[in-house]
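Below you'll find the structure, written out as C-alpha cells, and then a few comments.
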Amino acid sequence: MGASKSIEDKEKADAAFRKFMEEVRTKSLAEEERLAKDVATSVTEHYAVNDWDHARLCGTRNSDYQNYDSWGLDRVNKIIDSIGRALGAGDYPSDEVPGSSDAAPGTIEKAKEFAGIFAGDYSLIVARVKAIIGTFISQFSAVSEATQKSQLSDLPLSGGLHLFVASSGSTYREERFFSKQYIGSFQIVYETQMSVAEAKTIGLTQILRVTEQEIAMLNEHILDIREMQFASLREILKKDPKAYKDTRATYEEILALEKADRDTLVAEYDKYRNVEVGLTQLREIGHLAVGDQRPESLERFFNPWQADVARRLAESESAAGAPRTTPRDLLAV
C-alpha cells in the first residue's frame, strides 16, 4: 500500500503538510508495532491451546494513507489478490509473498505439499479475507468525526495454513490541507502460519462452518448499519433536512460495499454448500454410502472439482466422527 496521489502531490508542494504526514507515519509505525504484538499473541495462544506444531510461512506490515477525495479499497484488494494467487500457486519463497524468504526450508516444503488443496479453494479464501478486512476498513469510507478503531481476526485456510490479521484505522480532521476535512490512515499486519497437525485435524467441513459464522457476522453488520442509518436520518430531519439527501447517499454507499463483499463470499460458499447438500441427498436415497470417498463412486454424480470437494467433505466427516446431515441455509439481508 502507499499514499494516494493527492497526498503525494500535497507533500511535494506544502512543507507544513509534509511535517503533518511525518507525524502521521510515526504514529502508523507505532500502531503497526502494537498490531504485530497482538498478532504474535494470537498465534501463540492458538497453537498452544490446540497443542499443534507450527512455523511462520509469511507475513508483513502495511500502512496506507488516503484523502477522502480519493477514497477506495483498490490497493488493499490488490494486496489480498496477489498474496492469494502466489500461495495458491506454491510460489514461495518469492517477492510476491512478503516475508516468505525468511521461512524455514522445511516449512516451505510442507506448505507446498498441501498447496494443491489451497489452490482449489483460492476463490473462497480470497472472498473470506476481503470480506473480513474490507468490512472493517469500509466503515471509514464516510466519517463525521476523527476516530480510531482496530480489530484482530484469524482464519483457518486449507492445507494447514492459518491467517492471523490485525487491522487498524484512524481518521484525522485536517481542514487546513483539504476541502474534505478528513485523512485516513490504515494499518494491516498479517502472518500466515503452517501446521501439519492442523492440516490433518481441520478439514473442509470445519472451514465451511467457520465461513458460515463469518457470513452471519457480515449480515449482522449490515443490519447494524441499517439501524444507524435510520437513527441518523431521523435526527437530521429534525435538525438539518437539507443534509438528508447526502447523508442517505453516504449510508447507501457503505451498504453497497458491505453487501458486495457479503454476496461474493456467499456465492463462493454456495459452490461448496451445493456439493454438501447433494452429498446428503445422495446418501438419504441410498445412492452413496456414508463415508464412501472412492473417486469412481463420487464421479458418477459430480464433476471433477465437485467430486474432489465431496471427497474432502467425507474425509472431514470421518475425522469428526459423523456427517453433518442438514447443511444450514444462509439468509441474505
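The values are calculated or read from the model by the stated rules, or taken from the named source; none is laboratory data. Please read these numbers as outputs of a predicted model, since none were measured by experiment. A quick note on method: Cβ atoms are made from the backbone with ideal geometry, for glycine too, and the neighbour counts reach across all protein chains shown.
Condition test on Val39, is it surrounded by 13 or more Cβ atoms within 10 Å (Cβ to Cβ) and at pLDDT 75 or above?
yes
Which of the residues that make up the range 233-250 are touching a helix residue (DSSP H, G or I) at 6+ places or on another chain (Cβ under 8 Å) and modelled with pLDDT of 85 or more?
Those that are touching a helix residue (DSSP H, G or I) at 6+ places or on another chain (Cβ under 8 Å) and modelled with pLDDT of 85 or more: Leu233, Ile236, Leu237, Tyr244, Arg248.
Being out of contact with any strand residue (DSSP E or B) (no Cβ under 8 Å at 6 or more places or on another chain), farther than 26 Å from Tyr269 by Cβ and of a type in the set (Val, Ile, Thr), is that true of even one residue in the range 233-243?
Yes - at least one qualifying residue is present in the range 233-243.
Between Thr171, Thr205, Thr211, which is in a helix (DSSP H, G or I), among the β-branched types (Val, Ile, Thr) and more than 30 Å from Pro93 (Cβ to Cβ)?
Testing whether each residue is in a helix (DSSP H, G or I), among the β-branched types (Val, Ile, Thr) and more than 30 Å from Pro93 (Cβ to Cβ) leaves just Thr205.
Just give me the residues in the range 13-24 being assigned to a helix (DSSP H, G or I) and either in contact with a Lys or Arg (Cβ under 7 Å, 6 or more places away or on another chain) or surrounded by 14 or more Cβ atoms within 10 Å (Cβ to Cβ) (or both), in sequence order.
Phe17, Phe20, Met21, Val24
Do we have Val97 as surrounded by 13 or more Cβ atoms within 10 Å (Cβ to Cβ), of a type in the set (Val, Ile, Thr) and either modelled with pLDDT of 80 or more or not assigned by TED's automatic domain parsing to the domain that holds Ser158 (or both) here?
Taking the combined requirement at face value, the residue does not satisfy it.
Note down all Cβ pairs under 8 Å where the first residue falls in the range 149-173 and is in contact (Cβ under 8 Å) with a residue 40 or more places away in the chain and more than 11 Å from Asp38 (Cα to Cα), the second is of a type in the set (Asp, Glu) and part of a strand (DSSP E or B), and they're at least six residues apart or on different chains.
His162/Asp154
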